[in-house]
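Trainee: Handing you a structure now.
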2 protein chains.
Amino acid sequence: MKKIINKTENVVEDMLQGMVKAHPEYLKRISESNVLVRKKSPVKGKVALLSGGGSGHEPAHGGFVGLGMLDGAVAGEVFTSPTAEEVLKGIKAVDGGAGVLLIIKNYSGDVMNFEMAAELAQMEDISIEQVIVNDDVAVEDSTYTIGRRGIAGTIFVHKIAGAAAEKGWNLENVKRVAQKTIKNVRTMGMSLSPCIVPSSGKPSFEIEEDEMEFGLGIHGEPGIRREKIKSADEIADALLDNILKDMDLAKGDEVALLVNGLGGTPLMELYIVNKEANNLLKEKEVKVYKTMVGNYMTSLEMKGVSLSLLKLDEELKKLLDSKADTPAFKQL
Amino acid sequence: MKKIINKTENVVEDMLQGMVKAHPEYLKRISESNVLVRKKSPVKGKVALLSGGGSGHEPAHGGFVGLGMLDGAVAGEVFTSPTAEEVLKGIKAVDGGAGVLLIIKNYSGDVMNFEMAAELAQMEDISIEQVIVNDDVAVEDSTYTIGRRGIAGTIFVHKIAGAAAEKGWNLENVKRVAQKTIKNVRTMGMSLSPCIVPSSGKPSFEIEEDEMEFGLGIHGEPGIRREKIKSADEIADALLDNILKDMDLAKGDEVALLVNGLGGTPLMELYIVNKEANNLLKEKEVKVYKTMVGNYMTSLEMKGVSLSLLKLDEELKKLLDSKADTPAFKQL
């Protein structure tokens, strides 16, 4: 296993310490927990946004804690849901009196533990709501999911609901716009290589030197099919075809496009994919209002890419454009 | 070769198209060239900063074109210097009448072609100066270099000289502070895996499953030694030891720290390295004024990390802190 780590059982602890040391102006850690929150937390009178899930998807989610995005992120062990107890610590740490919105990726463990924490918080009179992101069009049920998985499209939910909360919207309204974002976003990914969970030391799957896995998940779960490696243009086309089949887009509609690297993909290759993704959308007369290219929701060292499309309206555009200042996403 | 590309001979062209499509609000491409410049270029009356070099180091350098950093970047083929003719196109495109500063990484081809372009520009009465970055403490001469190589520390030169130029400083003064930055910055890296230049299709070196290469360059050039993989803490300590031996740092001095991923390294591992790097500097009573963690100067899909230290004074701190807005580096 080729990794730059210390003891395998300490990777999350070491990483969290390294994150806080890297970004002391943004982040603090709630003591005796794996919860990262904004330096000045809670923000009084503002709806608070809390997300999280298994580690190994960095910068998601701790990297998106800051102005205009999340108030806090709860980190589980690698690819393992945080406990309800940890989520509850997160809720209490970010609650500024205006309620808390939980942004949950659709994995059975995450949903169960975040919902249990929400119930416990309600017993302590904290207003709490939740949304479940299920943007992956690849598979209906998976190893870890009933229904569609939540993957890179989650970043749009952080950004848009985060902007709404920053503007002082109430909990109901922040939840509404988060749900609209979820309704409007679709993602699909592919991979050239597996990832290796440190504690197991073994690749998540075996794959031949000339093969790629199409439609896989961010934990190395199987996708739709295994096939020979295609060109970047063919890959971009195939991913977009699957996404567009599942979306209600008309000519002239506007979208945001996220070209997301899975952790081990050179930025050069992400830009190459972006070229064709933009060209294809132009051909279809869909207007790309904003493009993001980079590692936003990763899967350890996996080599691969996902494309996400978010259908926009005036409200979503305004929220997408507003200022953000977090370790991994800044917008002036 | 597991890459998401089209034809190997088109990777730079495809990438440049993808970059401009991703960041139309920041970048434009000078026609019939591989030169990216600011959307609104030239900036009249401002000293212009031009950098560049072989491709494969993304986001360097096109990702750093924008407010407070570069005015333009010239992209050569993968790991190949751009021609003098291309550099000259870049100079002419960014020159706003106050002169142009070339920021060159120390590789023989880059130095030769940038210097030739400078001479040609001077013949056309463009004021031009240059600085050569040579931050790598690992080796004295290398496959591609006489003297020390220029690697990730170059990002600090972009940021600091870019801030000075944005403030309206003249060419002489921008060059002075760029040279001070070069004098004060040191870098060293290590790698777990080679990279593959698309046109060759072969790994830059062979390495065993339990080995790492210590002190290598960003083109997969050999380093100081091959050894068994050590822990992240030991790696951070060894890199810093080599850097500190070469620096004149006293207790109480302030530094900026860059933990740079080489392209295929998960962010989790960079944060783990950052934990120990920060701890060690604290032990030595060196104050870390600012930390940057991420992929800034990469080597295609190479798995590895470099550490850079920049010794700060009040002038450098102020310039480091000022606003920047580029595709790959934003600071509010």
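The values are calculated or read from the model by the stated rules, or taken from the named source; none is laboratory data. From a predicted model like this one, the values you see are computed outputs, not experimental measurements. Glycine also receives a Cβ, built like all others from the backbone with ideal geometry; neighbour counts cover every protein chain displayed.
Trainee: Taking the conditions exactly as written (basic (Lys, Arg), at the interface with chain A (Cβ under 8 Å from one of its Cβ atoms) and farther than 30 Å from residue B:24 by Cβ), does residue B:287 satisfy them or not?
Mentor: Numbers: basic (Lys, Arg): yes; at the interface with chain A (Cβ under 8 Å from one of its Cβ atoms): no; farther than 30 Å from residue B:24 by Cβ: yes.
No, not satisfied.
Trainee: Of the residues in the stretch B:67-84, how many are in contact with a Lys or Arg (Cβ under 8 Å, 6 or more places away or on another chain) and at the interface with chain A (Cβ under 10 Å from one of its Cβ atoms)?
Mentor: Here the count works out to 1.
Trainee: With the condition kept exactly as written, say whether any residue in the stretch A:88-97 is more than 20 Å from the chain's Cα centre (by Cα), within 24 Å of residue A:292 (Cβ to Cβ) and surrounded by fewer than 17 Cβ atoms within 10 Å (Cβ to Cβ).
Mentor: no
Trainee: Taking the stretch B:5-42, which residues are among the hydrophobic types (A, V, I, L, M, F, W, C) and within 23 Å of the chain's Cα centre (by Cα)?
Mentor: Our first condition is that a residue be among the hydrophobic types (A, V, I, L, M, F, W, C); within the stretch B:5-42, this holds for B:5, B:11-12, B:15-16, B:19-20, B:22, B:27, B:30, B:35-37.
The answer is B:11, B:12, B:15, B:16, B:19, B:20, B:22, B:27, B:30, B:35, B:36, B:37.
Trainee: Take the stretch A:272-285 and flag every residue that is of a type outside the set (Gly, Ala, Ser) and either closer than 30 Å to residue A:61 by Cα or touching a strand residue (DSSP E or B) at 6+ places or on another chain (Cβ under 6 Å) (or both). I'd like the intermediate steps shown before the answer.
Mentor: If we filter the stretch A:272-285 for residues that are of a type outside the set (Gly, Ala, Ser), which is where we start, we get A:272-276, A:278-285.
Passing the criteria: A:272, A:273, A:274, A:275, A:276, A:278, A:281.
Trainee: Determine if the stretch B:141-149 includes at least one residue that is touching a helix residue (DSSP H, G or I) at 6+ places or on another chain (Cβ under 9 Å) and either small (Gly, Ala, Ser) or within 26 Å of residue B:315 (Cα to Cα) (or both). First the steps, then the outcome.
Mentor: Step one: filter the stretch B:141-149 for residues touching a helix residue (DSSP H, G or I) at 6+ places or on another chain (Cβ under 9 Å), giving B:144-146.
Now narrow it down to the ones that are either small (Gly, Ala, Ser) or within 26 Å of residue B:315 (Cα to Cα) (or both): none.
Taking every residue of the stretch B:141-149 in turn, none turns out to be touching a helix residue (DSSP H, G or I) at 6+ places or on another chain (Cβ under 9 Å) and either small (Gly, Ala, Ser) or within 26 Å of residue B:315 (Cα to Cα) (or both).
Trainee: Give me the pairs: first residue in the stretch A:262-284 and facing chain B (nearest Cβ under 7 Å) and surrounded by fewer than 24 Cβ atoms within 10 Å (Cβ to Cβ), second residue in a helix (DSSP H, G or I) and not polar (S, T, N, Q), beta-carbon distance under 6 Å, and six or more apart or on different chains, which are they?
Mentor: Filtered contacts from the stretch A:262-284: A:278/B:21.
Trainee: Kindly establish whether residue B:312 is more than 22 Å from residue B:182 (Cα to Cα) and either at the interface with chain A (Cβ under 8 Å from one of its Cβ atoms) or not small (Gly, Ala, Ser) (or both). If you could, list the steps in order and put the result at the bottom.
Mentor: On the way: more than 22 Å from residue B:182 (Cα to Cα): no; either at the interface with chain A (Cβ under 8 Å from one of its Cβ atoms) or not small (Gly, Ala, Ser) (or both): yes.
So residue B:312 does not fit the description; no.
Trainee: Continuing with this model, one more query. Hey, does the stretch A:246-261 have a residue that's away from every other protein chain (no Cβ under 12 Å), surrounded by fewer than 19 Cβ atoms within 10 Å (Cβ to Cβ) and out of contact with any strand residue (DSSP E or B) (no Cβ under 9 Å at 6 or more places or on another chain)?
Mentor: Yes, the stretch A:246-261 has at least one match.
Trainee: Would you check if residue A:191 is under 16 Å from residue A:138 (Cβ atoms), out of contact with any His (no Cβ under 9 Å at 6 or more places or on another chain), modelled with pLDDT of 95 or more and within 12 Å of another protein chain (Cβ to nearest Cβ)?
Mentor: Answer is yes for this residue.
Trainee: When residues of the stretch B:1-22 are filtered for being more than 7 Å from chain A (Cβ to nearest Cβ), of a type outside the set (A, V, I, L, M) and in a loop (DSSP other than H, G, I, E, B), how many remain?
Mentor: Going through the stretch B:1-22, the residues more than 7 Å from chain A (Cβ to nearest Cβ) turn out to be B:1, B:7-10, B:12-13, B:16, B:20.
With the extra rule that they be of a type outside the set (A, V, I, L, M), the set shrinks to B:7-10, B:13.
Now narrow it down to the ones that are in a loop (DSSP other than H, G, I, E, B): B:7.
The qualifying residues number 1.
Trainee: Out of curiosity, is residue B:185 under 17 Å from the mean Cα position of the chain (by Cα) and of a type in the set (A, V, I, L, M)?
Mentor: yes
Trainee: Here is a check on your reading of the model: is residue B:276 in contact with a helix residue (DSSP H, G or I) (Cβ under 6 Å, 6 or more places away or on another chain) and of a type in the set (D, E, K, R)?
Mentor: yes
Trainee: Another question, if that's okay. Determine, yes or no, whether residue A:208 is at pLDDT 95 or above, of a type in the set (D, E, K, R) and part of a loop (DSSP other than H, G, I, E, B). First the steps, then the outcome.
Mentor: Working: at pLDDT 95 or above: no; of a type in the set (D, E, K, R): yes; part of a loop (DSSP other than H, G, I, E, B): yes.
Taking the combined requirement at face value, the residue does not satisfy it.
Trainee: Also: Right, residue B:51: of a type outside the set (A, V, I, L, M) and surrounded by fewer than 24 Cβ atoms within 10 Å (Cβ to Cβ) or not?
Mentor: Details: of a type outside the set (A, V, I, L, M): yes; surrounded by fewer than 24 Cβ atoms within 10 Å (Cβ to Cβ): no.
No: the conditions fail for residue B:51.
Trainee: Which of the residues that make up the stretch A:190-246 are aromatic (Phe, Trp, Tyr) and closer than 29 Å to residue A:281 by Cβ? Full working, then the answer.
Mentor: First pass over the stretch A:190-246, keeping only residues aromatic (Phe, Trp, Tyr): A:205, A:214.
Correct list: A:214 only.
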